[in-house]
Structures are given as structure tokens and as C-alpha cells.
Amino acid sequence: MINNCTLTGRLTKDIELRYTQSGTAVGNFTLAVDRSFKSANGERETDFINCVVFRKTAEIMAEHLSKGSLIGVTGRIQTRNYMNKQDQKVYVTEDVVENFAFLESKSQQQNNQGGYQNNKPQQSPFANSGDPINISDSDLPF
């Protein structure tokens, strides 16, 4: 069976770091992930994915990331349930993060604090140059 999840998105708030009774670090956060298509009204929708991370990785993420940070994570989807205070069964689906990657520099992170949306337009290095791109057959990897 395959259970593999790869996500790229922005933290919606700082990572909540806590420790179990045995001393294991546990971090919880929500990742805002834009969908790759637009809705019928032309807007891009966003999914908010609950994530959990353990041990040293949780401590590193909590120390170096904050609300608005752009990250990539890999892990697996996990479901669990528990009884809440009202004695109702609550079902939870979350991404159990195994690895992560910083996807922007520290200065870019500081510019994005306070929001998870990066509204700065990304420009192609080839946009509006009008110059042809010269590539010889020896430059191609195939």
C-alpha cells in the first residue's frame, strides 16, 4: 500500500510545540495550500491541511518557522478519533510530517509574516526580453 503526501504551502500561524509525558516533542500546524485550478468564478481556492510533526523535526520547525513561512513537507496521511468533552466522537485527518524543506530565504520569511499569501508577482527571467534562446544540441541532456 502507498500512503505518501507531499505539500507546498504557507503556515497559517506559528507552530504549536508541546511535549508528551515521556518528553517527546509534538508540533501541530495548519498549512494553506493553493489548489492548482481556479473555481467557476475564476478564483483560486485554498485548502487548509492539518499537520503534525514529532521529535527533533518538530523542535527545529517551531524554532525556525513562523506564520506565513513557505515550506514543503512530505509525510503520510493519518486518521484518528477521540471522545471530546461533550462525549462525542471526533474524527481527525492529518498529514504526519516526516521531512520538510525551507522554500524561501530568512528575509523573504520576514517580509511574509502576518499572512500566508504571497501577493508578489513572480516574473519569468525570459519575460519581455524578446531575445531568442540559443541552445545547442550538446547542451541538451538527452
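On the basis of being among the polar types (S, T, N, Q), within 25 Å of residue 2 (Cα to Cα) and surrounded by fewer than 16 Cβ atoms within 10 Å (Cβ to Cβ), does residue 41 make the cut?
On the way: among the polar types (S, T, N, Q): yes; within 25 Å of residue 2 (Cα to Cα): no; surrounded by fewer than 16 Cβ atoms within 10 Å (Cβ to Cβ): yes.
Criteria not met by residue 41.
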Check your understanding: What tally of residues in the range 47-61 results from selecting those that are surrounded by 16 or more Cβ atoms within 10 Å (Cβ to Cβ) and outside any helix (DSSP H, G or I)?
Key -> 4
Review point. Of a type in the set (S, T, N, Q), surrounded by 13 or more Cβ atoms within 10 Å (Cβ to Cβ), touching a strand residue (DSSP E or B) at 6+ places or on another chain (Cβ under 8 Å) and in a helix (DSSP H, G or I), is that true of residue 74?
Key: no
Exercise for review: Would you check which residues across the range 2-21 are among the hydroxyl-bearing types (Ser, Thr, Tyr) and surrounded by fewer than 16 Cβ atoms within 10 Å (Cβ to Cβ) and list them?
Suggested key: 6, 8, 19, 20
Check your understanding: Say we look at the range 22-33 and pick out the residues that are out of contact with any Gly (no Cβ under 7 Å at 6 or more places or on another chain) and surrounded by 11 or more Cβ atoms within 10 Å (Cβ to Cβ); which of these is farthest from residue 97 (Cα to Cα)?
Key -> 24
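Collect the residues in the range 68-106 that are in contact with a Phe, Trp or Tyr (Cβ under 7 Å, 6 or more places away or on another chain) and of a type outside the set (A, V, I, L, M), keeping them in residue-number order. I'd like the intermediate steps shown before the answer.
Initially, the range 68-106 is screened for residues in contact with a Phe, Trp or Tyr (Cβ under 7 Å, 6 or more places away or on another chain), giving 68, 71-73, 79, 81, 90.
Selection gives 68, 72, 79, 81.
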Check your understanding: When both residues are 6+ apart or on different chains and their Cβ atoms are under 6 Å apart, which pairs have a first residue that lies in the range 42-63 and is at positive phi, and a second that is in a strand (DSSP E or B)?
Key -> 55/25
Review point. Quick one: residue 66 ticks every box in (1) buried (at least 16 other Cβ atoms within 10 Å of the Cβ); (2) more than 21 Å from residue 105 (Cβ to Cβ); (3) of a type in the set (Ser, Thr, Tyr) bar one, so which box is it?
Key: (2)
Check your understanding: Is it true that residue 69 is among the polar types (S, T, N, Q), closer than 17 Å to residue 10 by Cβ and touching a residue at least 24 places away in the same chain (Cβ under 8 Å)?
Key -> yes
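Every number in this text was worked out from the coordinates using simple rules, so none of it is lab data. In this text, all values refer to a predicted model and were calculated from it rather than measured experimentally. When we count neighbours, we look across all protein chains shown, and the Cβ atoms used for this are built from the backbone with ideal geometry, even at glycine.
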